[in-house]
Amino acid sequence: MSPVVQKALSRIESLGRVSDSPSHLVRTFLSSANLRAARLVLGWMEELGMETSHAADGTIRGVFPGTTEETRPLLLGSHLDTVIDAGRYDGALGIIAALAALETMVESGGAPAFPVHVLGFSDEEGIRFQTTYLGSRPLAAPLDAASLAATDADGITLAEAIAREGWHEGAVPIRYEPGSLLGYVELHIEQGRVLEEEGLAACAVTAIAGQSRLRVSLTGRADHAGTTPMPLRRDALCGAAECILAAESLARETPPLVVTVGRIEVHPGASNSVPQSALFTIDLRHPDDAARTDALTRLEHRMRSIATNRGLSLQWMPVQDGNAVVCDPALTSRLLDAAESVTGTRLGLASGAGHDAVALSAICPVGMIFVRCRGGLSHHPDEHASPEDIAAGIGVLARFLQSPLC
Ligand SMILES: [Zn+2]
């Protein structure tokens, strides 16, 4: 294991110990631990001779100069924040691997032809304000009024939180104009099991799936569980069960569509009453927006006919729609080259999870590298990427930095 990789591994351990809780790992937007994590990483950036800065919202940046006339920077990085009871790799690995890739170049006497800006975003997970990419969105445009009005569990708005708890001393806005960047490249653990099944340490990412979130409500009639014969029932929960299985079948029939029902509420919720109503959530994702829209239409049609057959009324309530992001073909082709040179296999995967690259795609071409993680497990303290796979990921990124992007 090279000294650069050793250092990266020990940094993952160090960053993994910076937490708001003594019992588990958690760092949320503007929390004390998130700001301590930001300062720790800024120190590592300075060790590399980078010029550093931070924004009031806790997002950090290190600037590494290029060796040519090219002034447009390539952005690298990921997020500093975590979910509650998180693993040590989600987010952290992308920032640490970016620094390690630069160090790898420096160690071998080289440097990138273009400036490289490494970013650590203060929020991607959206735990505190239930709205994602708070750290990366401001790079493209100031946060909109609706986001700034979002409140946390204590009723504090995002605008108030930044004003009162932000890191204002020495802060500068970190923002980029569209067209001013070579691109944004993020290395992240896969958070899935495909690389493990393929026996690959790392690969390039071709797209980030679009997501639709909905709520579906079915209403029938509450009745006595003992006196109502089966043919006379209008059981909302049985209808919901059939709808949920229909959603599962649709996804199984049309990969790479994925559909999840993660929550259901039943009324009146008594063991001796026929359920009157059932309300459930749908999370539906596909890397192709037209296919996602088509799946939504088909699913609504299937669920409506299930409801009609059972004498239930159905309400279909869209909550949120996010389009897929297609990774830039030119950047991705170079990332595929770099990954192939390290792993021997040319594989591009679509990401089912959202990433900061989604926010950055508003202003520049984006690309991503996935690193295998054990069992696909993420958002869990047992999240793990092996030292060999991390070394491979750093290798891919270092290779990529040598490509003629400009
Ligand atoms: Zn992440």
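Determine whether region 354-365 contains at least one residue that is more than 30 Å from L143 (Cβ to Cβ) and touching a residue at least 40 places away in the same chain (Cβ under 8 Å).
Taking every residue of region 354-365 in turn, none turns out to be more than 30 Å from L143 (Cβ to Cβ) and touching a residue at least 40 places away in the same chain (Cβ under 8 Å).
Which of the residues belonging to region 48-63 are open to solvent by less than 20 Å² (accessible area, probe 1.4 Å) and closer than 16 Å to F114 by Cα?
M50, G62 - these are the residues of region 48-63 that are open to solvent by less than 20 Å² (accessible area, probe 1.4 Å) and closer than 16 Å to F114 by Cα.
I want to confirm something. Restricting to region 105-139 and keeping residues that are farther than 15 Å from V83 by Cβ and either within 13 Å of the ligand (Cβ to nearest atom) or among the small types (G, A, S) (or both), which single residue is most open to solvent (accessible area, probe 1.4 Å)?
Of everything passing the filter in region 105-139, S108 is most open to solvent (accessible area, probe 1.4 Å).
What number of residues within region 359-370 satisfy the criterion of being open to solvent by less than 40 Å² (accessible area, probe 1.4 Å) and either out of contact with any Pro (no Cβ under 6 Å at 6 or more places or on another chain) or closer than 20 Å to Y89 by Cβ (or both)?
Counting residues in region 359-370 that are open to solvent by less than 40 Å² (accessible area, probe 1.4 Å) and either out of contact with any Pro (no Cβ under 6 Å at 6 or more places or on another chain) or closer than 20 Å to Y89 by Cβ (or both) gives 8.
Considering only residues of region 86-104 that are open to solvent by 10 Å² or more (accessible area, probe 1.4 Å) and more than 15 Å from the ligand (Cβ to nearest atom), which is farthest from R399 (Cα to Cα)?
E103
For the structure I just gave you, tell me whether P73 is in contact (Cβ under 8 Å) with a residue 40 or more places away in the chain, away from the ligand (no atom under 16 Å from the Cβ) and open to solvent by 30 Å² or more (accessible area, probe 1.4 Å).
no
Somewhere in region 158-180, is a residue surrounded by 15 or more Cβ atoms within 10 Å (Cβ to Cβ), under 17 Å from L299 (Cβ atoms) and more than 16 Å from the ligand (Cβ to nearest atom)?
Within region 158-180 (the criterion being surrounded by 15 or more Cβ atoms within 10 Å (Cβ to Cβ), under 17 Å from L299 (Cβ atoms) and more than 16 Å from the ligand (Cβ to nearest atom)), the answer is no, since none of the residues qualifies.
Restrict the check to region 258-265 and report whether at least one residue is in contact with a Phe, Trp or Tyr (Cβ under 8 Å, 6 or more places away or on another chain) and buried (at least 16 other Cβ atoms within 10 Å of the Cβ).
Yes - at least one qualifying residue is present in region 258-265.
Name every residue in region 214-252 that is surrounded by fewer than 15 Cβ atoms within 10 Å (Cβ to Cβ) and under 17 Å from R263 (Cβ atoms), in order of residue number.
Across region 214-252, the qualifying residues are L245, E248.
Just for region 333-353: of the residues that are in a loop (DSSP other than H, G, I, E, B) and either in contact with an Asp or Glu (Cβ under 8 Å, 6 or more places away or on another chain) or away from the ligand (no atom under 16 Å from the Cβ) (or both), which one is most open to solvent (accessible area, probe 1.4 Å)?
Step by step, filter region 333-353, then rank; the result is R346.
What number of residues within region 1-52 satisfy the criterion of being of a type in the set (S, T, Y) and in contact with a Gly (Cβ under 8 Å, 6 or more places away or on another chain)? Talk me through it step by step, then tell me what you get.
Initially, region 1-52 is screened for residues of a type in the set (S, T, Y), giving 2, 10, 14, 19, 21, 23, 28, 31-32, 52.
Adding the requirement that they be in contact with a Gly (Cβ under 8 Å, 6 or more places away or on another chain) leaves 52.
The qualifying residues number 1.
Go through region 207-234 and report how many residues are basic (K, R) and either in contact with a Lys or Arg (Cβ under 6 Å, 6 or more places away or on another chain) or without any contact (Cβ under 8 Å) to a residue 60 or more places away in the chain (or both).
Of the residues in region 207-234, 3 are basic (K, R) and either in contact with a Lys or Arg (Cβ under 6 Å, 6 or more places away or on another chain) or without any contact (Cβ under 8 Å) to a residue 60 or more places away in the chain (or both).
The values are calculated or read from the model by the stated rules, or taken from the named source; none is laboratory data. Bear in mind that the values here come from a model prediction, so they are computed numbers and not experimental data. All Cβ positions, glycine included, derive from the backbone under ideal geometry; neighbour counts span all protein chains shown. Just so you know, the surface numbers come from the protein's heavy atoms only, side chains and all, with ligands and any DNA or RNA stripped out. Shrake-Rupley method; radii C 1.70, N 1.55, O 1.52, S 1.80 Å.
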